[in-house]
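The numbers here are math on the coordinates, done by the rules we state, and not lab data. These numbers come from a predicted model, not from an experiment. Because the Cβ atoms are built from the backbone with ideal geometry, glycine has one as well, and the counts that use them run over all protein chains shown.
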Amino acid sequence: MTEETYPYQTIEPKWQAFWEKERLFETDTSRTEGKYYCLVMFPYPSSMLHVGHGRNYIIGDVVARYKRMKGFNVLSPIGWDAFGLPAENAAIKGGLHPKKSTLANIATMKRQLRQWGVCYDWRREVTSCLPDYYKWTQWIFLKLFEKGLAYKKRAAANWCSSCQTVLANEQVVNGACERCETPVIQKFLEQWFFKITDYADRLLLDLEKLTDWPERVRIMQRNWIGKSTGVEIDFPIKEEEPLRCFTTRVDTIYGATYMVMAPEHPRLESLIARSPNRQEIESFVERVLRQNKEERSALETKKEGIFTGRTVTNPMTGKEIPLWVANYVLLEYGTGAVMAVPAHDQRDFEFAKQYRLPIEVVIDNPREPLEASRLEAAYIEEGILVHSGPFNGLPSREGMEKIADDMEKRKIGRRASAYRLRDWLISRQRYWGAPIPILYCDRCGILPVPEKELPVLLPEEVSFKPTGESPLKDVPEFVNAVCPRCRGRARREIDTMDTFVDSSWYFLRYLSPKESKRPFDPEVVNRWLPVDQYIGGVEHAILHLLYSRFIVKVLHDLKYLSFDEPFERLFTQGMIIKDGMKMSKSKGNVVSPDELIERFGVDTVRLYTLFIGPPEKDAEWNDRAVEGSFRFLNRVWRLLKALSASGAPKESALERVVPDEKGKVLRRKVHTTLKKVTEDMEGSFRFNTAIASTMELVNEMARTLGEDPRTLSKNEKLLLREASEILVYLLAPFVPHLAEELWSLLGHKESIFRAPWPEYDPSALETEEFTLVVQVNGKVRAKLQVSAGVSEDELKKKILGESAVQKWLNGKRVKQWIIVPQKLVNLVVQG
RNA sequence: GGGCGAGUGGCGGAAUGGUAUACGCUAUGGACUUAAAAUCCAUUGCCGCAAGGCUUGAGGGUUCGAGUCCCUCCUCGCCCACCA
């Protein structure tokens with residue numbers, strides 16, 4: 001027996017080349033029968049993949065390989081989410097042009113994925129920063145624009161005054177710029193939005209259909225959409241349009257003693273036009289708007305406000321109440337104005353105390369009557385309506401319904417919903433993204449670029465300066481254009497699209513990546529989607545998945561797609577942690593796979609990554625434990641080598657075998673393991689326990705093999721041959737290179753990935769004897785070998801005859817027998 | 001503040017309400033070796049010489065039987081957060 005480690009150095013490149021030659025993962029999508037679309041979230045091409053990234057692709061590869069062996073026609077594509085800020089920031093710092101660095105990174109990552117034995121249908125590779133792809137991202141924009149789902153408005157953006165640029169939310173860390181740590185302020189800019197809020201209800205409702213998504217992702221999306229139901233109420237103002245507010249607690253309306261509007265409210269300017277303290281109000285508003293979002297919404301931030309000089313009428317009490325502006329009211333939620341009920345809302349309570357506004361109790365605590373003057377906090381629970389005119393005495397729930405009915409009848413209010421979900425801000429004042437296909441003509445206004453003029457090409461010769469606007473502004477050949485309507489001069493939109501737009505439809509492009517006349521072939525797409533299994537990080541639980549669902553719904557409504565949810569099943573894998581932290585270059589705790597691959601081979605790294613723990617959970621990486629996986633693979637290698645050296649038969653002809661006791665034990669182990677691993681692969685992906693039980697199988701095989709393989713009987717050799725074959729199947733998805741090598745060692749000529757996954761033999765699982773656990777009062781007191789067909793009477797007699805059991809009965813009568821067949825007996829005796 | 005998870009040996013982690021600690025790592029002892037590495041064998045939750053007792057974050061409950069179900073609490077992680 002050789003003591004050397006197995007030759008992974010030669011095995012791995014050999015089979016990688018073989019798979020490519022065999023076109024193992026090139027999928028014929030014209031065949032839809034048994035289709036299985038296995039998708040991993042396409043990566044952003046950063047400079048180097050670490051073992052944390054690796055987990056995602058390895059899991060995807062395991063699923064694709066397993067499903068293939070199960071006979072599915074598997075589609076497993078890959079592409080690159082190649083636009084984005086890091087490449088542009090590097091260029092600003094004086095690095096390579098984003099296109100150059102991105103394409104170089106893609107080449108590196110491609111090499112790495114191949115090295116890991118991760119197989120894709122490379123003919124379908126898509127790269128979002130190339131014109132043949134972003135042409136269709138622009139096309140999607142045009143479709144949304146046509147439908148009125150893309151619009152432009154002034155909105156606040158995160159602004160770093162030092163870098164002179166707009167920052168994405170993700171670039172704002174603790175209220176400061178991630179690059180220079182300058183506090184971020186809000187700046188108002190004209191920006192493009194997608195009207196995702198039009199789809200809020202459907203995005204919410206259809207979550208119910210996604211039963212094969214992790215519950216926690218569905219909950220996160222539900223909370224993100226954040227639907228509240230309530231009533232919109234008009235508060236009349238003298239000589240003006242009424243001011244509308246939204247409330248979820250219309251039962252408290254009799255206690256609305258003032259009203260507050262957001263500082264950004266569009267009607268504020270005209271309402272205060274004739275206020276004596278107009279200037280004071282304006283400077284207050286300006287001060288609040290200068291604060292960044294974090295500052296303004298931080299809990300420590302004091303509630304501040306100012307009286308507008310105007311009053312509105314509470315439509316239920318008929319009383320005039322003052323109208324205020326305050327920093328705690330958000331323009332984007334509801335109507336941007338709220339009725340303030342200090343007695344029953346904590347925020348209003350604090351504000352009222354501070355500015356000495358009246359507090360009136362209108363909901364009574366049924367357990368303990370409330371008194372406004374003695375309140376130390378708002379009573380926000382439901383209760384019984386008081387001081388509420390005709391609604392006195394009603395419980396809150398009923399009061400809400402009755403008051404809403406009354407308002408609807410009198411047309412002063414109506415039932416309505418409000419959502420936390422905001423429209424999707426898609427414009428970025430950045431270079432490295434898909435240009436928004438819009439033209440501005442002085443005569444004709446805002447016009448979409450005609451479809452036949454797509455793509456709007458991103459010019460490559462630009463200078464990277466942090467000016468706060470896209471560098472495209474300084475490229476006259478780009479900016480100057482001809483108006484498609486009047487043929488006069490027009491300007492191009494210089495903002496580019498958020499990269500989340502690129503990634504919200506890439507899974508459609510994989511089906512017909514070379515289409516030049518349309519974004520995808522609807523016929524193939526409609527047969528192959530929804531994606532059967534989507535795999536990715538939980539960090540995308542909200543934005544990417546919500547945006548993709550939205551875009552698919554829009555394309556569905558436009559009749560391009562027959563389905564309206566993109567991802568049937570979703571699996572979110574956990575992060576790999578090192579030294580208690582997420583792996584990242586800046587923290588310096590990155591485990592690069594290269595050194596490990598050199599020492600142990602890639603199959604070991606794959607195996608360890610899968611064995612480390614349940615794939616949906618975070619896991620701590622331990623370099624030393626990797627050796628255990630390596631040891632195991634070497635053990636498998638030596639075992640199968642020894643077996644083949646012992647002259648094991650080339651084929652398993654089990655029908656000729658009558659196993660002896662030892663053989664039966666082995667065969668039972670083989671088939672229970674096959675059953676268990678198959679179950680672990682289906683449903684949730686329990687790779688860690690699948691591998692653990694495969695290790696147990698190998699231990700059992702080694703036991704059967706014994707010290708000297710030459711002493712094996714012919715029957716034992718046949719049984720070990722069957723065991724080896726099944727073992728190689730079980731290992732194949734996890735360690736494909738070694739599995740192929742062992743498969744050919746067993747005499748097979750075809751790839752194991754073209755062999756069908758075996759079925760376990762139920763008869764092998766049958767036993768003649770089992771170990772019975774005997775408990776007395778719930779405590780284990782004995783274990784007996786019992787034959788399977790034993791009758792209950794015989795069993796009881798046998799148990800009572802055991803001295804180990806009698807000792808604990810102590811002569812007492814057995815009150816009750818609890819019998820779990822084939823497993824356990826509990827004797828209940830008097831205390 | 002709201003929502004969602006999770007707490008099991010020295011470590012990663014296993015356990016359809018039915019033998020807690022599978023599998024692996026670490027550690028210790030032994031075999032092989034001139035020696036080391038590799039490999040193989042044994043031990044490895046705690047207390048105890050043993051018989052036995054104790055043990056799944058803490059405390060209660062349901063049950064013949066609870067890591068698992070229910071209640072209260074503690075700690076940690078993640079997401080959201082002045083959303084009317």
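So the values come out like this:
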item	result
The stretch A:57-163: mean projected area of Cα convex hull, nm²	10.8 nm²
Rounded to whole Hz, the Karplus (6.51, -1.76, 1.60) HN-Hα couplings of the stretch A:617-632, x for glycine and proline	9, 5, 9, 8, 7, 10, 4, 5, 5, 4, 4, x, 5, 5, 4, 4
3J(HN,Hα) from dihedral phi, the stretch A:670-676, Karplus parametrisation 6.51/-1.76/1.60, rounded to Hz, x for glycine, proline	4, 7, 5, 5, 4, 4, 5
Cα→Cβ-extended label distance, 7 Å offset, between A:Glu282 and A:Leu457, nm	4.9 nm
As computed over the stretch A:318-416, the Cα convex hull volume per residue (Å³)	122 Å³
Projected label distance in nm at A:Lys35 and A:Glu539, using a 7 Å step from Cα toward the beta-carbon	3.2 nm
Three-way shape call for the stretch A:445-539 based on the alpha-carbon gyration tensor, with the a/c threshold at 1.5	oblate
Near-label residues of the stretch A:805-820 by backbone N, under 15 Å of a point 7 Å along Cα→Cβ of A:Lys796	A:813-820
Förster radius 41 Å - calculated FRET efficiency between A:Asn480 and A:Ser270 (Cβ-Cβ, nearest 0.05)	0.60
³J(HN,Hα) computed for each position of the stretch A:690-703 - Karplus, 6.51 cos²θ - 1.76 cosθ + 1.60, integer Hz, glycine/proline x	4, 5, 4, 6, 5, 4, 4, 4, 4, 4, 5, 5, 5, 4
Peptide ranges A:90-96, A:261-267, A:72-78 listed from the most packed, as the mean C-beta count within 10 angstrom indicates	A:72-78, A:261-267, A:90-96
Separation in nanometres of the label points that stand 7 Å from Cα toward Cβ, at A:Ala377 and A:Arg154	4.0 nm
log₁₀ of I(q)/I(0) at q = 0.12, 0.18 Å⁻¹ - the stretch A:685-756, Debye sum with one point per alpha carbon	-0.36, -0.77
Chain A - Rg over Rh from alpha carbon coordinates, Kirkwood radius	1.07
R0 of 56 Å, Cβ-Cβ distance A:Asp623-A:Asp201: FRET efficiency to nearest 0.05	0.65
Kirkwood Rh in Å, taken over all unlike Cα pairs in the stretch A:508-567	12.2 Å
Computed over the stretch A:402-453, Kirkwood Rh from alpha-carbon pairs, angstrom	16.1 Å
Taking chain A and dividing mean pair separation by its residue count, relative contact order in percent (alpha carbons under 8 Å, at least six apart)	14 percent
Förster radius 22 Å - calculated FRET efficiency between A:Ala788 and A:Val820, Cβ distance, rounded to 0.05	0.95
Stretchable slack from A:Lys749 to A:Arg703, in nm (0.36 nm times residue separation minus alpha-carbon distance)	13.6 nm
For peptides A:811-818, A:797-804, sequence by mean Cβ density within 10 Å, most packed first	A:797-804, A:811-818
Distant-in-sequence amide H partners of A:Arg310 (H built 1.01 Å from N, under 5 Å)	A:Leu323
Cα gyration tensor shape for the stretch A:1-100, rounded if a/c is under 1.5, else prolate or oblate	oblate
Cα-based convex hull, the stretch A:698-738, per residue volume (Å³, whole number)	74 Å³
